[in-house]
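Notes follow the structure.
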Amino acid sequence: MKKIHHNNYDLVLKEAFSLFHNKSLDFLGLDLPPIVSFMETEIAEVETTDDMMDLNFLLQDGSILHLEEETYLSIGDLIRFAHYDLRLYKRYKKRIHTVVLTPSDGLPGTKVLDTGNLQYSVLQIVFQDRDGDSLLEEIQSALGRGEPVNELEMIFLPLMKSAESAGTLLRKTIELEKNLPDESLRNKVRELTLILSNRIVDKKILDELWEELQMLKVIKYAEEKGMKKGIEKGIEKGIEKGIMKGKEEGTIEVAKNLLSLGMDDDFVMKATGLDLPTIRSLEKLVHQ
């Protein structure tokens, strides 16, 4: 299992748009040609630093879509983005569309830079302007009818405006994502939704939903590997209490499999009842 740190906001943007790049333009509401491929985000120059852009896409008409994320746009940000775009243009000689994504806790800022002989502007999309309640209903209806949905909308939904609290909207979104027909994407979409909500939702709610998701993944792995019985026994007794030590060899085998899945020490201790020194010893064996 690929581990994603749930505090890394920039990573989730890259992951989400990488997974669903064919749906990105519809989600952003951009009237641009379809994305053809990804482009490099680091263009080395002797006289500059190795700053990296968030995301670059080559569009069907040969132009470039440059995506950035900022909570508040400043003149300094525009100077930086303009520098990026000039480096892109110097290399590819192609038209560039720069779009800045701003989360719901952000504010509109300066979108135009005018130096007199140089004018530079970006398009800013503020997610607080999107109606999360209406979108939730639309997606729920579409899934109920068996129609396709844009998973990117679901990932960003908790960041949109709502009559509900951010925590309630997140819970409803996570619950709705359980109905996604593509099983291979279902947990990934839920992971990315939780990660992106890190800044706006109470940590206790996030931890609760995150642990539930990780346990679902463990159960699925257990079913595939014939370990389901041992895991179910632990669930019956409660994750907080852990699995009482029964057959030592079976418990250790479960712990080793959880560690190989990338689960952290605290989670494995809760799921198996083994103490930390034992977990650490098993971890060394797993990674040999």
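The values are calculated or read from the model by the stated rules, or taken from the named source; none is laboratory data. Computed from a prediction, not measured in an experiment: that's the story for all the values here. Glycine gets a Cβ as well: all are built from the backbone with ideal geometry, and neighbour counts include every protein chain shown. Side chains are part of the model used for accessible areas, which takes the heavy atoms of the whole protein and leaves out ligands, DNA and RNA. Shrake-Rupley method; radii C 1.70, N 1.55, O 1.52, S 1.80 Å.
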For this session: Take region 56-188, compute every pairwise Cα distance, and split them into 5 Å bins from 0; I just need the percent in each bin.
Result: 2, 9, 16, 15, 14, 14, 12, 9, 6, 2, 1
Exercise. Counting Lys and Arg as +1 and Asp and Glu as -1, what is the net charge of the other residues whose Cβ lies under 9 Å from the Cβ of G109?
Worked result: -1
For this session: Rank these by accessible area, largest first, 1.4 Å probe: Y92, Y72, Y120, Y84.
Result: Y72, Y92, Y120, Y84
Problem set entry | Part-to-part distance (alpha-carbon centres) for region 147-209 and region 101-133, which is given in Å | 24
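Less than 10 Å Cβ to Cβ from K23, Lys/Arg counted +1 and Asp/Glu -1: what total charge do the surrounding residues give? It would help to have the intermediate numbers written out before the result.
Values: positive: none; negative: D26, E151, E153.
So the surrounding residues net to -3.
How much of the accessible area of region 92-184, probe 1.4 Å, is carbon plus sulfur, in whole percent?
C and S fraction of accessible area: 47 percent.
Provide the FRET efficiency to the nearest 0.05 for the D207-Q119 pair, computing r from the beta carbons and using R0 = 41 Å.
It comes out at approximately 0.30.
Just for region 87-181, what percent of DSSP beta bridges are antiparallel, to the closest 5?
On the way: 3 of 8 bridges.
Around 40 percent of the beta bridges assigned by DSSP in region 87-181 are antiparallel ones.
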Exercise. Once the whole set of protein chains is in place, how much accessible area is left on K111, using a 1.4 Å probe, in Å² to the nearest 10?
Worked result: 70
For this session: Anything over 22 Å Cα to Cα? Flag those among K204/K270; K23/K111; K23/K178; K172/K203, in the order listed.
Result: K23/K111
Exercise. To the nearest 10 square angstrom, how much accessible area does D31 have with a 1.4 angstrom probe?
Worked result: 150
Exercise. Excluding A163 itself, what net charge comes from residues whose Cβ is under 11 Å from its Cβ, given Lys and Arg +1 and Asp and Glu -1?
Worked result: -2
